[in-house]
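The values are calculated or read from the model by the stated rules, or taken from the named source; none is laboratory data. Everything numeric here is computed off the predicted structure, so don't read it as measured data. Positions of Cβ are backbone-derived with ideal geometry, glycine not excepted, and every protein chain shown enters the neighbour counts. Keep in mind that these areas ignore ligands, DNA and RNA; they rest on the heavy atoms of the full protein, side chains included. Shrake-Rupley method; radii C 1.70, N 1.55, O 1.52, S 1.80 Å.
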Amino acid sequence: MENQHEEQNQLNIELNEEIAEGQYANLAIITHSNAEFVVDFVNVMPGLPKAKVKSRIILTPQHAKRFMKAMLDNIKKYESVHGAIQDQEQVSLPLNFGGPTAQA
């Protein structure tokens, strides 16, 4: 009976080929309202004045916090195997697009 209960709680996640290839991003712009967090993943190329948003993810505040905790947990696991990740200098581009102040 317990095995049957576990099968009912499983989530089958599909990953098509296009999404599986992924998108490279070297900048994340995060804005929020009282109801949601919006994360824009951007690929900024040196010397180019324009950059495209490659993906936008919209999260509820609760899911944003769960995502943050999951990222922190995975970073700790990564660093325990590969050593500390060196933090780079803070990005100094003008990143205000008319909404709340962005953080990267």
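Within segment 51-92, take every residue that is in a loop (DSSP other than H, G, I, E, B), more than 25 Å from residue 19 (Cβ to Cβ) and not polar (S, T, N, Q) and give me the one that is most open to solvent (accessible area, probe 1.4 Å).
89
Any idea which of (1) under 14 Å from residue 39 (Cα atoms); (2) of a type outside the set (Lys, Arg); (3) exposed (fewer than 10 other Cβ atoms within 10 Å of the Cβ); (4) at pLDDT 60 or above is the one residue 101 doesn't satisfy?
All conditions are met except number (4).
Any residue in segment 6-30 that's farther than 18 Å from residue 59 by Cβ: show its pairings with residues that are polar (S, T, N, Q) and surrounded by 10 or more Cβ atoms within 10 Å (Cβ to Cβ) at Cβ separation under 7 Å, as long as the two are six or more apart or on different chains.
Final answer for the pair search is 24/43; 26/43.
Considering segment 24-46 alone, what residues qualify as being closer than 21 Å to residue 88 by Cα and open to solvent by 80 Å² or more (accessible area, probe 1.4 Å)?
24, 45, 46
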